[in-house]
Amino acid sequence: MKYDVNEQGFYGDFGGAFIPEMLYPNIQELKSSYRKILNDDAFKKELASLLKDYVGRPTPLYFAKRLSEHYGANIYLKREDLCHTGAHKINNTLGQVLLAQRLNKSRIIAETGAGQHGVATATACALMGLECIVYMGAKDIERQAPNVSRMKMLGAEVRSVHSGSKTLKDATNEAIRDWINNQEDTHYIIGSVVGPDPYPDLVTQLQAIISEEIKKQMDGLPTHVVACVGGGSNAIGAFYHFLEDETVKLIGVEAGGLGIKTDKSAATLALGSRGVLHASMSYLMQTSDGQVIEPHSISAGLDYPGIGPLHAHLHDCKRVLYSNVTDQEALEAANRLMQLEGIIPALESSHALAYLEKMTFNSTDKIVINLSGRGDKDMSTYINAAT
Amino acid sequence: MSTLKKVLETKKEGLLNIYCTAGYPELNDLPTIVNALHDAGVDMVEIGIPYSDPIADGETIQKSNAVALKNGITIDLIFEQLKECTPDIPKVVMTYFNPVFKYGLEHFCQQCQKVGVDGIIIPDLPIGLYQASYEEMFKNYGLSPIFLITPQTSKDRLQLIDDLSSAFIYAVSSSSTTGKATGGLSDGNTYLSGLKDLGLKHPILVGFNISTSDDLALVQKHAHGGIIGSEFIKYLSDKPSPEVAAQQFVKEITKG
Ligand SMILES: Cc1ncc(COP(=O)(O)O)c(C=O)c1O
């Protein structure tokens, strides 16, 4: 595929493995084995069976009639919110847990922002009987309390991270440090298409099932596919099998926070410059001295100052258009979906929905919105916003 | 020949390298600390350029980085401060790839040469990228790259690292983040006792998790020297005078 990672682990200028020597053996082990394992028939069969009977895949591609009437176009929702645990994140964690078993790792670590990846990891670990430790920023622990309880009930240990901005970026640092200190028995399940090579490709391959299904479910090609972008895993999952169908417009929506003209935003491609965060070259929000800027988004899952290297590449070669919407626009879009379709979306996914307001339509347009997750975890934010 | 290479050539054992974070505990403490360490007989200093996301560092150095950034430290200011440090002690800088990349690698190397920095440690700089893009540049500015090795580093990789080195090799005492000291390195540590038998051309300094004078004596016995970081940062944290603290610390850690 034209946009696949090269031998050196790069997508164009982006990617690579900027890791300290202490992680070299782990990354080498993963790099030399992951493709073989992903392509192994027994692995594929086991994963496919879990995705069907445990996760509930394929998820529906739902024609949103009233939303379509509202905008005067054909709008389809890819219902990742109906996945077991409530978001697309489980597609990745089940695959990686099966991978970890084949690498003989008994201890799993993960980082989480909104808690969805943490819950999905804790779930997969409970299913396989593996020890699970989830790093989560102290600020996110506060604003995503239901998911913290969920992880604990599922048997995971949640470790609160107090460094930096106390959000996703810092939880990721802490997970990497844990891996440095426990490399022999531990597999790190990273939650998005970020991190050192081969993680961006590994997670891309595991999430690509989203677009594989959309392609089968749709009569012909869509005109647009729209997804929110934190690190970028649900977006790449929804885009992947359309990347070479150049007529399909692909749109990634970042979190604009209070707006990209303020200093409270998480729109990496609008505000960032090239650099290395979490061991890969990409775009990131940073000062002129290369210090990472603490981002802001109402949505914990999008509150990240970087973006996956494949997205940086797709941005630079203009295959995908990256835009952003504000906290307020996302909240309004969430309410619209609740009232027109009876669906409470995750705050992250609401960013993709909000982009509809910025589009002009032909009545024949077929627009797929990747509804990456459901809004149960965001109830307190929605309730506060309504009062 | 660089000051660093000269020291390595004349002193073959018992080397002591002490790490400090620029901008910590107070913004302009660096020259005072470096000069005091020199006066106390330390062989070389490792100067940490703070970064917001130091993934190879444990809590102590993370905190010193955060404090230094809060104090307002910048790379340019560090270069200014380095001009006030005695030229007589060899200096290496330790930082992460991103600040140097953003600053501009060539500009960074130029500045290092100007202020008498002889070596650079960038733990997350991939060796392949170094060879492809930066080896020539480092040479042009008289900078020695200093690479880490761990107990897990393979023979082939050790060979490659030795070939690319021009000063010393930084052996981490065990695969961990900095400052994970668990109450002393053990004399029976076969990794440490095997270091001299690795057959490397360059001297080896052992760093990470050296917290007592016994630890230091042990790594100085098995390798060419030791590097102390977190323990010194901790020591500095609650002392009124960094100058006195630096001298006192060296005295204690060397049992002088
Ligand atoms: C529902 C949902 N959507 C999107 C994201 C953002 O992640 P990514 O950009 O990797 O899809 C998250 C992250 O927590 C999420 O929970």
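The values are calculated or read from the model by the stated rules, or taken from the named source; none is laboratory data. Not measured: the values here are computed from a predicted model. Don't worry about glycine lacking a Cβ; one is built from the backbone with ideal geometry, like all the others, and counts go over all protein chains shown. Note: areas computed on protein heavy atoms with side chains; ligands, DNA, RNA excluded. Shrake-Rupley method; radii C 1.70, N 1.55, O 1.52, S 1.80 Å.
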Rounded to the nearest 100 Å², the accessible area hidden between A and B, summed over both chains at a 1.4 Å probe radius, is 2700 Å²
Classified through the alpha carbon gyration tensor (a ≥ b ≥ c as square roots of its eigenvalues; rounded if a/c is under 1.5, else prolate when a/b is larger than b/c, else oblate), chain B comes out rounded
Over 19 Å (Cα to Cα) among B:K91/B:K114; B:K91/B:K155; B:K6/B:K139; B:K83/B:K114 -> B:K91/B:K155
Longest chain B segment clear of trypsin sites (Lys or Arg not before Pro) sitting in DSSP loops (not H, G, I, E or B) with at most 15 other Cβ atoms within 10 Å runs B:13-200
As a Kirkwood estimate from alpha-carbon pairs, the stretch B:169-227 has a hydrodynamic radius in angstrom of 11.3 Å
Rounded to whole angstrom, the alpha-carbon centroid of the stretch A:119-137 lies from that of the stretch B:132-164 at a distance of 38 Å
Listed by chain and number, the lysines with an alpha carbon less than 19 angstrom from that of A:K45, same-chain partners under 8 positions apart left out, are A:K36
Taking Cα pairs closer than 8 Å and at least 6 residues apart, the relative contact order of chain A in percent is 20 percent
With -39,500 (n - 2.57) per DSSP H segment of 4 or more residues and division by the full residue count of chain B, the 222 nm estimate, nearest 500 deg cm²/dmol, is -12000 deg cm²/dmol
Mean accessible area per residue over the protein assembly as shown (1.4 angstrom probe, all protein chains present, square angstrom) is 36 Å²
Taking every other residue with Cβ under 15 Å from the Cβ of A:L340 and scoring Lys and Arg +1, Asp and Glu -1, one gets -1
Rounded to the nearest 10 degrees, the helix A:89-102 long axis (Cα) sits at an angle to the longest Cα principal axis of chain A of 20 degrees
Length-normalised contact order of the stretch A:121-227, Cα under 8 Å, at least 6 apart, in percent, tallies to 20 percent
Here, trypsin sites (Lys or Arg not before Pro) of the stretch A:261-291 satisfying both criteria (DSSP loop; at most 14 other Cβ within 10 Å) are A:K261
Between A:E7 and A:S273, the FRET efficiency computed from the C-beta separation at R0 = 30 Å comes out, to the nearest 0.05, as 0.65
Taking every C-alpha to C-alpha distance in the stretch B:62-122 and binning by 5 Å from 0, the per-bin percentages run 4, 16, 27, 28, 18, 7, 0
Charge tally for neighbours of B:G116 with beta carbon under 9 Å away, counting Lys, Arg as +1 and Asp, Glu as -1, is +2
Carbon plus sulfur, as percent of the 1.4 Å-probe accessible area of the protein assembly as shown, comes to 49 percent
Across the alpha-carbon set of the stretch B:1-94, Rg over Rh with Rh taken as the Kirkwood radius works out to 0.99
Dividing the helical contributions, -39500 (n - 2.57) per DSSP H run of n ≥ 4, by the residues of chain A yields a 222 nm value, nearest 500 deg cm²/dmol, of -12000 deg cm²/dmol
Inter-part gap, Cα centre of the stretch B:1-67 to Cα centre of the stretch A:1-67, in whole angstrom, is 41 Å
For the stretch B:1-144 the mean separation of alpha carbon contacts under 8 Å (6+ apart) over residue count, i.e. relative contact order in percent, is 26 percent
Taking only C-alpha positions in chain A, Rg and Dmax in angstrom work out to 19.0, 56
Two pseudo-spin positions, 7 Å from Cα along C-beta at A:E212 and at A:T262, lie apart in nanometres by 4.1 nm
Once the in-chain neighbours fewer than 8 apart are removed, the aspartates and glutamates whose Cα is under 16 Å from A:K166 read A:E111, A:D140, A:E142, A:E174, A:E294, A:D303, B:D53, B:E59
Once the in-chain neighbours fewer than 8 apart are removed, the aspartates and glutamates whose Cα is under 14 Å from A:K261 read A:D327
Comparing each residue of the stretch A:1-45 in the complete protein assembly with the chain by itself (heavy atoms, probe 1.4 Å, ligands and nucleic acids ignored), those losing at least 10 Å² of accessible area are A:A17, A:F18, A:I19, A:P20, A:E21, A:M22, A:Y24, A:P25
Summed over the other residues with a beta carbon less than 15 angstrom from that of A:L353, with K and R at +1 and D and E at -1, the charge totals -4
Too long for a 19 Å Cα-Cα cut-off, among A:K78/A:K216; A:K169/B:K180; A:K249/A:K318; B:K63/B:K234; A:K216/A:K366, are A:K169/B:K180
